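The next block holds one structure in the form of structure tokens; read it before the comments.
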Amino acid sequence: MISLTVSQLAKQLNISADTVRYYVRCGLIIPERDSKNGYKRFHEEHIKRLHFILQAKSLGFSLADIQTIIDQASFGESPCPQVRIIMEARLKETAAKISAMQATYLQMQSAMNRWQTQPDCTPTGANICHLIEGFTNPETQSPTDNKDFTRDQTSATKSTT
């Protein structure tokens, strides 16, 4: 029978010992205690459980999700329906994050394109970096916000040159 310490288990699974300890604290794995020295000892079922946890995490499941799935399985219930429900929610969350990141990426590209032709300026009491302060996202600001800021920024930039 396999009997591993925290460090040995972590090394075998290519994770940190702190990760193993964290999963123990969370109750995702419950090791036995060595009666001789009090060390936590892990066996084949713990290795399988950790493989499951790592696989579930790689699919986007949270530790709370994983605990729910494990609990259902431990009561003899199929966790598969719950897994599908959770995954559907994670897919929607991930799609929203991807959409937000794509919008940020486009905004960054727009900013970089504009900044390529703008001169460097020395900070003044009125500004720190005119590139950032003068950048407006057409989707989030009204035209009047942009005009007022640009006029103020332009006069501040001219006064420093």
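The values are calculated or read from the model by the stated rules, or taken from the named source; none is laboratory data. Owing to the predicted nature of the structure, the values given are computational and were not obtained by experimental measurement. Every residue, glycine as well, gets a Cβ built from its backbone with ideal geometry; the counts of neighbours run over all protein chains shown.
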Going through the stretch 66-84 one residue at a time, which ones are touching a residue at least 24 places away in the same chain (Cβ under 8 Å) and hydrophobic (A, V, I, L, M, F, W, C)?
Ile66, Ile70
Any residue at all in the stretch 69-88 that's part of a loop (DSSP other than H, G, I, E, B) and either among the β-branched types (Val, Ile, Thr) or surrounded by 14 or more Cβ atoms within 10 Å (Cβ to Cβ) (or both)?
yes
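Conditions (1) in the same structural domain as Cys80 (by TED's automatic domain parsing); (2) part of a helix (DSSP H, G or I); (3) without any contact (Cβ under 8 Å) to a residue 12 or more places away in the chain, marked per residue:
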| residue | (1), (2), (3) |
| --- | --- |
| Ile15 | yes, no, no |
| Val24 | yes, yes, no |
| Leu28 | yes, no, no |
| Asn37 | yes, no, yes |
| Arg41 | yes, no, no |
| Arg49 | yes, yes, no |
| Leu54 | yes, yes, no |
| Gly60 | yes, no, no |
| Ala64 | yes, yes, yes |
If you go through the stretch 28-37 one residue at a time, do you hit one that is surrounded by 15 or more Cβ atoms within 10 Å (Cβ to Cβ) and in contact with a strand residue (DSSP E or B) (Cβ under 7 Å, 6 or more places away or on another chain)?
yes
